[in-house]
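To start, the structure itself, in structure tokens.
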Amino acid sequence: MATQKAETPAAARRRIWTLAWPIILSNITVPLLGLVDTAVVGHLPDSRYLASVTLGATLFSFLYWGFGFLRMGTTGLTSQAVGRESDSEVRNLLGQALLMAMGIGALLILFSSPLITLGLWLLDGSEVATRLAAEYAQIRILSAPAVLANYAILGWFLGQQNSRVTLAILVLTNSVNIALDLLFVVGLGMTSDGVAWATVIADYTALAFGTWLVARQLKLLQGRFLRERLFRLSAYGELFQVNANLFLRTLGLLFAMAFFTSRGAAQGDTILAANAVLMQFIMLTSYALDGFAHAAEATTGRAVGRQRWEEFGSAVRAAAWFSLTTATFAALAFALVGHALIALLTGLPEVRETAGDYLPWMVAMPLIAVWSYLLDGVFIGATAIREMRNSIFVALAAYLPIWWLTRALAAPGYENHALWLAFLSFTVVRSLVLISYYWHHRRSHWRHRDYDVASQPFRTSR
């Protein structure tokens, strides 16, 4: 193979930033919608409506997060197909992802009653709030095919290094949702059901817009949809393999988050509230880190598809530069103005004081978690999904024993420090496992020799 000309660091950073900034902006619109939902329902005369929307929204956050593989898997496989300059493969991957999304969405609607009942039982709200949340959820579930299809569309465009579509679709979705929230609840006097219908209509509006964008993009691609790729089950083998491992990885991550929340709740409402405030710090950091991780998915995937390992290395280094800069800035911000940020998020003195006691964990977290965000993006691009899955379950194998041991040894009043130590350890182990996998693959497979992408385009592990 001819020697490849390495991309300059400045050029690689420009490429990463061009992909990342629309994703970061689109991430910022997500909490804005939550704030509007809360403000609209929070001004109704009865607090049970706010409680029901909170329960219902939490249920769907977990439910749809579990199917995030439709976005991630589509991005990785599409970016590699783009690298191989296979327009037909890019086209058919979209068709497969959309059919899978619609099928799963239809099943969610079909089995909505037991799913909603189980989910709300696990969330354990009050009887009145749970009843209203069930009504909210029965409406929200109608948008499942649209939500999952939008995941596939976003992943497909990101795989083609078009992140501005992500911004356009999410801004439209949230704008329509906010406008309909105000119309239905403030204008027409509806309650939590109005918020649910606003979300459903916004999701299908986004799907219509996304479909129009897809139709425009397909005109630029050669090839055609192949019946044997779309309607023969055996043709989905590679896609199923990638997505199944992503699904297991997401379930493990959800368990880690749920365990943290439940152990905090067991220590009382003040600890639960303080932990929730500090988790917002982690979410705030993730909005930026996710943007650079998504950019890494698209750029490293294309490099794998083209077998251009110098380009692969340049993309990883550029994404790492932005990610580490962001994580360092976040850690400094939490150290210097963390108490002020806590005060912005809660006006309750006891919650402010309690959250401040655990602020040092927030200073350490970005500097450790940055590696898992970055390498998740790299591994998705390279479709090394088994490694991502393994990192979660190895980390869980450390997380739970560390929690039980430190809780047993902790002095009275330090149980929540033990919980944060266990959660930080989960992040440390996950990052170390991913780093180890990365260096192993970089030395053995992700280099000029011994990697025949053309013959094994969908292989998910090395």
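The values are calculated or read from the model by the stated rules, or taken from the named source; none is laboratory data. Quick caveat, the model's predicted, so the values are computed rather than measured. Cβ: placed from backbone, ideal geometry, glycine included. Neighbour counts: every protein chain shown. Surface accessibility is based on the protein's heavy atoms, side chains included, excluding ligands, DNA and RNA. Shrake-Rupley method; radii C 1.70, N 1.55, O 1.52, S 1.80 Å.
Our summary gives segment 263-401 a relative contact order of 36 percent, counting only alpha carbon pairs under 8 angstrom and 6 or more residues apart. Hey, for a label at L226 modelled as a point 7 Å past Cα toward Cβ, could you say which residues of segment 67-100 have their backbone N under 19 Å away? Under 19 Å, as judged by backbone N against the label point of L226, lie 74, 77-100 of segment 67-100.
Take the Cα of M257, step 7 Å toward its Cβ, do the same at T117, and the gap between the two points is 2.7 nm. Once divided by 2.2 N^0.38 Å, the Cα radius of gyration of segment 343-456 becomes 1.41.
For the chain, the solvent-accessible area of protein heavy atoms averages 44 Å² per residue (probe radius 1.4 Å; ligands and nucleic acids excluded). In this simple spin-label approximation, S61 and E353 carry label points 7 Å from Cα along the Cα→Cβ vector, and these lie 2.8 nm apart. If you wrap the tightest convex hull around every Cα atom of segment 88-161 and split its volume per residue, you get 90 Å³. In segment 203-247, if the dipole is taken from +1 on Lys/Arg beta carbons and -1 on Asp/Glu beta carbons about the Cα centre, which of A235, L218, A208 is farthest to the positive end? Working it through, the farthest residue towards the positive pole turns out to be L218. Note on the chain: dipole from Cβ charges, positive end direction compared against A315, T346, F255; the farthest Cα belongs to A315. Would you mind getting me the FRET efficiency between F393 and S444? Use the beta-carbon distance for r and R0 = 25 Å, nearest 0.05. Efficiency, from the Cβ-Cβ distance: 0.65. In the chain, the C-alpha radius of gyration followed by the widest Cα-Cα span (Dmax) gives 22.4, 71 angstrom. Sorting 365-378, 400-413 by their mean Cβ neighbour count within 10 Å, with the most densely packed peptide first, gives 365-378, 400-413. The radius of gyration of the Cα set in segment 203-275, together with its Dmax, comes out at 21.3, 60 angstrom. Stokes-Einstein diffusion for segment 245-294, with the hydrodynamic radius set to the Kirkwood value over Cα pairs and evaluated at 20 °C in a medium of 1.002 mPa s, equals 175 µm²/s. Magnitude of the charge dipole for the chain, about its Cα centre and with charges confined to Cβ atoms of Lys, Arg (+1) and Asp, Glu (-1), is about 1880 debye. Working value for segment 300-372: equivalent-ellipsoid semi-axes of 38, 10, 9 Å, each the square root of 5 times a Cα gyration tensor eigenvalue, largest first. To put it simply, the accessible area of the chain at a 1.4 Å probe is 66 percent carbon and sulfur.
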